[in-house]
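Worksheet for the structure shown next.
The values are calculated or read from the model by the stated rules, or taken from the named source; none is laboratory data. Here the structure is a predicted model, which means the values were calculated and not measured. Cβ atoms come from the backbone with ideal geometry, glycine included; neighbour counts cover every protein chain shown. Areas reflect the complete protein model, heavy atoms only, side chains present, ligands, DNA and RNA absent. Shrake-Rupley method; radii C 1.70, N 1.55, O 1.52, S 1.80 Å.
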Amino acid sequence: MHPSMHAAATPDKPALIVAETGETISYAALDAASNRAAHLFRIAGLASGDTVALLLDNIPAFFGLVWGAQRAGLFYVCIPAKLTAPEVEYIVRDSGARLIIASAAMQGVAEALTDLLSDVARYVIGGDARGWARWEDAVTPLPDRPIADERAGTDMLYSSGTTGRPKGVRVALPEDPAIAAPNVLVMLASALYGIGANSIYLSPAPLYHAAPLRWSMTVMRHGGTVVMMEHFEPEAALAAIERYRVNTSQWVPTHFVRMLKLDAATRARYDLSTLKVAIHAAAPCPIPVKEAMIDWWGPVLYEYYAGSEGNGLTTIDSAQWMTHKGSVGKAAYGQLHICDDAGAELPPGAEGLIYFGGGGAFEYHNDPAKTAEARHPQGWTTLGDIGRVDQEGYLYLTDRKSFMIISGGVNIYPQEIENRLITHPRVADVAVIGGPCPDMGERVIAVVQPVDMADAGDALAAELTAWCRAELSGVKTPRQIDFAAELPRAPTGKLYKRLLRDRYWGNSDSRIV
């Protein structure tokens with residue numbers, strides 16, 4: 001399955017709708033745009049196995065570019081649009097990209113890259129940038145038919161850099177060179193969630209991240225319609241579901257939290273009855289948040305646990321979750337193994353490092369040490385998360401190993417504390433980290449983004465401390481609560497805890513971050 005096949009069968013069907021504007025791109029137009037892109041890549045000297053970089057916000061042209069790279073046999077690197085010029089340069093250099101395309105919204109960063117990437121072919125789409133060629137001028141004269149040497153390519157996505165510089169996740173090009181050959185996600189999407197030609201899929205997150213990009217492309221492989229939000233806003237997402245009669249969607253827990261913070265009248269204003277599948281992942285969902293979402297939307301929530309690495313997948317539906325609250329499901333791709341620090345496999349119920357066996361193979365580009373660190377002697381691979389598996393095979397996540405706080409010799413996982421704090425009505429967002437403590441080694445610090453920053457202060461800190469203490473042990477209750485107007489969080493919900501930790505290990509006395 002491939003958009004080119006749907007372009008032949010249903011050329012006028014919408015492949016993409018922009019949620020905010022209603023702008024529509026048909027399968028015929030998508031196919032033509034991707035063919036012209038593939039021709040330009042060849043003219044620029046890119047052959048199968050080469051790399052192209054994309055520095056784009058959520059624009060309609062995004063899909064013509066990634067499908068053009070896919071049918072030209074390229075690795076396509078989607079770079080987060082909020083990065084600085086030096087951060088973008090690092091990814092371009094590390095990935096080996098020989099051509100980069102930036103959107104008009106990236107003009108400032110693009111122009112700062114002109115001299116830094118003087119040896120890389122540079123194009124800007126939808127606007128102008130000093131030292132960059134206009135994409136439209138280059139592709140408009142090119143044929144809208146396929147290139148002669150089509151071959152399936154794939155994405156090469158970079159980690160969010162939560163614990164250091166981002167690393168590229170590289171998998172081999174598909175063994176089957178046919179651009180329409182199925183992949184694991186295409187098959188799972190159909191089997192698990194019923195995704196097909198009738199799917200109207202809402203994508204509320206930036207396409208440069210793994211899940212929004214891959215799920216959107218999977219819907220297009222099936223011949224469905226993607227409704228893309230340019231930017232996530234909670235009420236706008238509800239309006240899009242009603243307006244476009246969305247039946248399938250993909251979220252992260254922070255989306256749920258923000259929608260649940262809407263007042264009851266706003267939440268009740270929109271008809272969400274068409275929504276049958278709401279997939280979520282990227283971060284563990286606090287139990288009260290998921291309970292509230294199921295109560296609101298019904299049993300349409302489907303959770304999974306996986307990573308950009310594609311080494312395994314667990315899944316759980318709403319009914320299963322209600323009898324296994326907090327679980328992220330059973331293995332649907334690969335086999336689960338829980339191991340201690342020495343690599344010994346642990347019995348059901350014991351917490352340890354989560355490994356997948358029998359799933360997809362990957363490596364961290366230009367980082368053999370990190371690649372080796374993710375490998376078990378048995379050949380299993382890990383994403384660095386801690387968890388346990390119960391007697392029935394359901395996986396429960398504890399936290400990332402790198403986020404663990406060790407205070408007085410006791411291991412403390414921030415996720416449990418964060419899950420408690422986020423349910424407080426005056427908390428919009430929260431991060432829990434370990435800060436320096438001369439007596440205990442580390443102390444638990446909560447950095448809270450209040451719903452109203454005017455509430456930040458000692459009174460709210462005391463209220464939140466009592467809120468935690470009502471359900472958590474003393475060792476888990478934050479010793480310090482600071483406030484921030486906004487936390488350093490990616491649009492996918494992933495938190496850049498490294499940035500917070502760096503502040504505290506340099507200066508731990510601030511009450512306002």
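Tabulated values for the structure
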{"quantity": "Cα-projected label distance for ASP176 with THR465, points at 7 Å along beta-carbon direction, nm", "calculated": "6.1 nm"}
{"quantity": "Antiparallel %, DSSP beta bridges [both residues in the chain], to 5", "calculated": "55 percent"}
{"quantity": "Area of LYS167 that stays accessible when all protein chains are in place (1.4 Å probe, Å², to 10)", "calculated": "50 Å²"}
{"quantity": "Rounded if a/c under 1.5, otherwise prolate or oblate - the range 308-422, Cα gyration tensor axes", "calculated": "oblate"}
{"quantity": "Rounded percent of accessible protein surface that carbon and sulfur make up, the range 306-429, 1.4 Å probe", "calculated": "49 percent"}
{"quantity": "In Hz, Karplus ³J(HN,Hα) per residue of the range 359-372 (6.51, -1.76, 1.60; θ = phi - 60°; x = Gly, Pro)", "calculated": "x, x, 8, 7, 9, 8, 4, 6, 9, x, 5, 5, 4, 5"}
{"quantity": "Cβ-defined net charge surrounding VAL171, 13 Å radius [Lys, Arg +1; Asp, Glu -1]", "calculated": "-2"}
{"quantity": "Solvent-accessible area, 1.4 Å probe, carbon plus sulfur percent, for the range 27-124", "calculated": "54 percent"}
{"quantity": "Entries of LYS167/LYS476; LYS276/LYS494; LYS325/LYS494; LYS290/LYS476; LYS13/LYS330 with Cα pairs more than 30 Å apart", "calculated": "LYS167/LYS476; LYS13/LYS330"}
{"quantity": "Between helix 27-43 and the chain: long-axis angle, C-alpha atoms, 0 to 90°, nearest 10", "calculated": "80 degrees"}
{"quantity": "Share, in percent, of DSSP beta bridges within the range 131-261 that are antiparallel, nearest 5", "calculated": "25 percent"}
{"quantity": "The chain, helix-only ellipticity at 222 nm - DSSP H runs n ≥ 4, -39,500 (n - 2.57), divided by all residues, nearest 500", "calculated": "-8500 deg cm²/dmol"}
{"quantity": "Folded to 0 to 90 degrees: helix 287-297 orientation relative to the chain principal axis, Cα", "calculated": "50 degrees"}
{"quantity": "ARG145 paired with GLU486, simple spin-label distance in nm, labels 7 Å along Cα-to-beta-carbon", "calculated": "4.9 nm"}
{"quantity": "Cα gyration tensor category, rounded, prolate or oblate, for the range 166-223 with a/c compared to 1.5", "calculated": "oblate"}
{"quantity": "Label-point separation, VAL475 to GLU23 (7 Å along Cα→Cβ), nm", "calculated": "5.5 nm"}
{"quantity": "Cα-based equivalent ellipsoid of the range 1-160: semi-axis lengths in Å, sorted from largest, via gyration tensor", "calculated": "25, 18, 14"}
{"quantity": "Cα gyration tensor category, rounded, prolate or oblate, for the range 44-132 with a/c compared to 1.5", "calculated": "oblate"}
{"quantity": "Probe 1.4 Å - accessible area at HIS222, Å² to nearest ten", "calculated": "20 Å²"}
{"quantity": "Distance histogram for the chain (every C-alpha pair counted, 10 angstrom bins, percent rounded to whole numbers)", "calculated": "4, 18, 28, 28, 17, 5, 1"}
{"quantity": "For the range 338-396 versus the range 183-229, the gap between their alpha-carbon centres in whole angstrom", "calculated": "27 Å"}
{"quantity": "Solvent exposure of the chain as accessible area per residue, Å², 1.4 Å probe", "calculated": "40 Å²"}
{"quantity": "Accessible area (Å², 1.4 Å probe, nearest 10) - CYS437", "calculated": "30 Å²"}
{"quantity": "Per-residue HN-Hα couplings for the range 197-210 [Karplus 6.51, -1.76, 1.60; θ = phi - 60°; Hz; x = Gly/Pro]", "calculated": "5, 8, 6, 10, 10, 8, 10, x, 10, x, 6, 6, 9, 4"}
